[in-house]
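Here the structure comes first, spelled out in structure tokens, and everything after it is commentary.
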Amino acid sequence: MLINVNPLISPEILQLIRSMGHGDKFVLSDANFPSYSHANKLYRMDGLNIAQAAEALLSHFPLDSFIPYPVERMEIDGKPDEINEVHQDLIDTVKKVSGDNWKVGSVERQKFYIEAKKAMAVITTSDTRPYGCFMFTKGVLKPDGTVWII
């Protein structure tokens, strides 16, 4: 056991996010995402929905302030500006855990699949709500352990 490590994060996922460097990405996906065919490495957070998994991950993961959108959501086909329930849950979780200054962007679904294959890993959840797929980009920590915000 470790102090202040979210117990929802497995040792393997903790190792993943610790080993990532500035600009590296991971995908947090719903249960319907083709994880096995799109993942360089695949990790599971079974039994959790997107918001629960994101809250656990963001409690340790610094977001990238050098880009406009350190979190990107998969767009709904034909409705790129629509925010569904799972999108709103993730947006609310980012604000709750990481702060109000972070913006969530969007990526067209087919382009999201292409970008997912370039990510370091896919972390899949049990969430079955449609379009519940997100990409997170790691930021920089300052010497005092706070997130570098430009």
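The values are calculated or read from the model by the stated rules, or taken from the named source; none is laboratory data. These figures come from a predicted structure and were not determined experimentally. Please note: Cβ atoms are built from the backbone with ideal geometry, for glycine as well, and neighbour counts cover all protein chains shown.
Structure values in brief
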| quantity | calculated |
| --- | --- |
| Boolean, Arg18 is closer than 24 Å to Lys117 by Cβ and surrounded by 21 or more Cβ atoms within 10 Å (Cβ to Cβ) | no |
| Count of residues meeting criterion [polar (S, T, N, Q) and surrounded by fewer than 19 Cβ atoms within 10 Å (Cβ to Cβ)] in the stretch 109-126 | 2 |
| Qualifying residue in the stretch 70-85 (condition: part of a helix (DSSP H, G or I) and crowded, with 17+ Cβ neighbours inside 10 Å) | no |
| Out of Asp64, Asp89, sole residue that is within 15 Å of Met135 (Cβ to Cβ) and either at pLDDT below 95 or surrounded by 14 or more Cβ atoms within 10 Å (Cβ to Cβ) (or both) | Asp64 |
| Enumeration of residues in the stretch 131-145 that are in a loop (DSSP other than H, G, I, E, B) and either surrounded by 15 or more Cβ atoms within 10 Å (Cβ to Cβ) or touching a Phe, Trp or Tyr at 6+ places or on another chain (Cβ under 8 Å) (or both) | Tyr131, Gly132, Cys133, Gly139, Val140, Lys142 |
| The stretch 94-148, residues that are touching a Lys or Arg at 6+ places or on another chain (Cβ under 9 Å), of a type in the set (Phe, Trp, Tyr) and modelled with pLDDT of 95 or more | Trp102, Phe112, Tyr131, Phe134, Phe136 |
| Tabulated pairs, the stretch 74-93, first more than 17 Å from Ile50 (Cβ to Cβ), second basic (Lys, Arg), C-beta under 7 angstrom, 6+ apart or interchain | Asp77/Arg109 |
| Cβ pairs under 6 Å, 6+ apart, first in the stretch 101-121 and in contact (Cβ under 8 Å) with a residue 60 or more places away in the chain, second exposed (fewer than 14 other Cβ atoms within 10 Å of the Cβ) and not small (Gly, Ala, Ser) | Ala121/Lys41 |
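Here's the yes/no breakdown for (1) more than 22 Å from Val5 (Cα to Cα); (2) assigned to a loop (DSSP other than H, G, I, E, B); (3) charged (D, E, K, R):
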residue: Val27; (1), (2), (3): no, no, no
residue: Asn32; (1), (2), (3): yes, yes, no
residue: Tyr36; (1), (2), (3): yes, no, no
residue: Ala53; (1), (2), (3): no, no, no
